[in-house]
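What follows is a single structure, written as structure tokens, with notes after it.
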Amino acid sequence: MPAPTDPRTGLPVVAMVGGGQLARMTHQAAIALGQSLRVLATDPAESAALVAADVRLGDHRDLDALRAVADGATVLTFDHEHVPSEHLRTLTVEGVRVAPGPDALLHAQDKLVLRHALDAAGEPQPAWAEVHTVHEATVFAEEVGWPVVVKAPRGGYDGRGVFVVSGPDQVAELLERHRVLLVEERVPLVRELAVLVARSPFGQVAVWPVVETVQRDGINTEVLAPAPDLDEETALAAQELAVRVADRVGVVGVMAVELFGTADGVLVNELAMRPHNSGHWTIEGARTSQFEQHLRAVLDYPLGSTAMTAPAVVTANVLGGAASAEDWAGPGVDERVHHLMAHWPDVKLHWYGKGQRPGRKLGHVTALGEDLAEVRARAVAAARYLADGEVDPAFAFPEEH
Ligand SMILES: Nc1ncnc2c1ncn2[C@@H]1O[C@H](COP(=O)(O)OP(=O)(O)O)[C@@H](O)[C@H]1O
Ligand SMILES: [Mg+2]
């Protein structure tokens, strides 16, 4: 049976589970391909639900809600990893094309599944153990040295579910909440890197340049493309690693490989199988954005060029700051946007349409140029101004606008 298309246009209909900013930006890319993203959101006020025309409300853990959003769609894909595998297996049996498929997705849903798979493939990763008892954790920790990093295998994001643990008591507490834990050596990180790769069912792969991801309190704040001072050999090795992992797990769509950069090379941290925060720079900074590429990949279209459009591209996230608090007396959000546009006419703004709350990812800005340090300073100052209303002295505004 041919895959369903939109009867008005003859073009595909991609259904995405999740209505956050990733779906919102995927919808934006879908428009240029003559499509309109269908979205399963839990709330009409979610980022993508505010802009997409075909929004279904429902829970991603509800099989009937998944069936309804997939009905008549060409393919079902995701803006997060929280859909239960058993539902995806059922949908697959019922004839729904699911991309990435449930077996691939499991490697992004369950950190233990990934650790086992990477060991089997001989890929570099931190020393780790699957732990059911305090004794098992202690044996491992004494081998690699305390403190260790303890992780809930499932359900974490933005550092929730990740704990630096310096003794058995803390392990005991965590084991009360989780039946099984992943325990890892604490890697001596030089920095964190990421490689974004896309893979189609046909088996075509496309990979973007390796980026550096800067984190604050477990949340990504800046992405530097390409990763500064990364030697060509390591960069190529990291890209090849990402492509091997993509093939091995059989992902369809965009996949981010989060890497730890150490003095001796890279180790795989975790995978995300969807457009990823580390790839927002591709909207302006690459010939094909991660959002367009994700659509191309899940639809088995040929993939687009990943070449950069400038030598240096930096994205800085706008996290809700003082300026999101109720007692804020400085310039309002619209005034800050106005100032930003006046002061940095070349900086591109992406605002997710979310309610303002301190710490929340409200949007991002992207700057492009020749020199990474200069581009980075500009992007960071712009994002800070939007978030905090704080003016970086290096970018002091003139008295009059
Ligand atoms: N084994 C480790 N050694 C050192 N730092 C780690 C380790 N594991 C995680 N981290 C730090 O914690 C952050 C979040 O961990 P991660 O496994 O990526 O969880 P999440 O699912 O919340 O993104 C990482 O980006 C890194 O900064
Ligand atoms: Mg992570």
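Every number here is computed from the coordinates shown, using simple stated rules; none is lab data. Here the structure is a predicted model, which is why all the values come from computation and not from measurement. Positions of Cβ are backbone-derived with ideal geometry, glycine not excepted, and every protein chain shown enters the neighbour counts.
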Each label point is 7 Å from the Cα along the Cα-to-Cβ direction; what then is the distance between the points at Glu136 and Arg357, in nm?
3.5
Give the relative contact order (percent, whole number) for the chain; include only Cα pairs under 8 Å separated by 6+ residues.
13
Based on the Cβ-Cβ distance of Glu173 and Asp103, what FRET efficiency does E = 1/(1 + (r/R0)^6) give at R0 = 22 Å, to the nearest 0.05?
0.10
What helices does the chain hold that run 24 Å or longer along their axis, going by alpha-carbon atoms, with a Kyte-Doolittle average of 0.0 or more, using DSSP H for the helix calls?
232-249
Set the Förster radius R0 to 35 Å, insert the Cβ-Cβ distance between Glu390 and Ser85 as r into 1/(1 + (r/R0)^6), and round the FRET efficiency to 0.05.
0.20
Please state, as a whole number in µm²/s, the translational diffusion coefficient that the Stokes-Einstein equation yields for segment 59-165 at 20 °C and 1.002 mPa s, with Rh defined as the Kirkwood radius across alpha carbon pairs.
134
Can you sort Arg160, Arg186 from fewest to most other Cβ atoms within 10 Å of each residue's own Cβ?
Arg160, Arg186
Normalise the Cα radius of gyration of segment 43-84 by 2.2 N^0.38 Å (N = residues in it) and let me know the number.
1.14
Can you give the Rg to Rh ratio for the chain, taking only C-alpha atoms and Rh from Kirkwood?
0.97
Put a dot 7 Å past each Cα toward the Cβ at Ala377 and Leu349; how far apart are the dots in nm?
2.3
Percent of alpha carbon pairs in segment 191-395 separated by more than 27 Å?
32
For the chain, what is the calculated [θ] at 222 nm in deg cm²/dmol (nearest 500), taking -39500 (n - 2.57) for each run of four or more DSSP H residues and dividing by its residue count?
-9500 deg cm²/dmol
For the Val180, Thr234 Cβ pair and Förster radius 45 Å, calculated FRET efficiency rounded to 0.05 is 0.85
The value for segment 13-98 (convex hull of the alpha-carbon atoms, volume per residue, Å³) is 74
Highest average packing first - 310-316, 370-376, Cβ atoms within 10 Å:
310-316, 370-376
Can you compute the label reach from Tyr157? Point 7 Å from Cα along the Cβ direction, backbone N cut-off under 16 Å, restricted to segment 266-298.
270-280
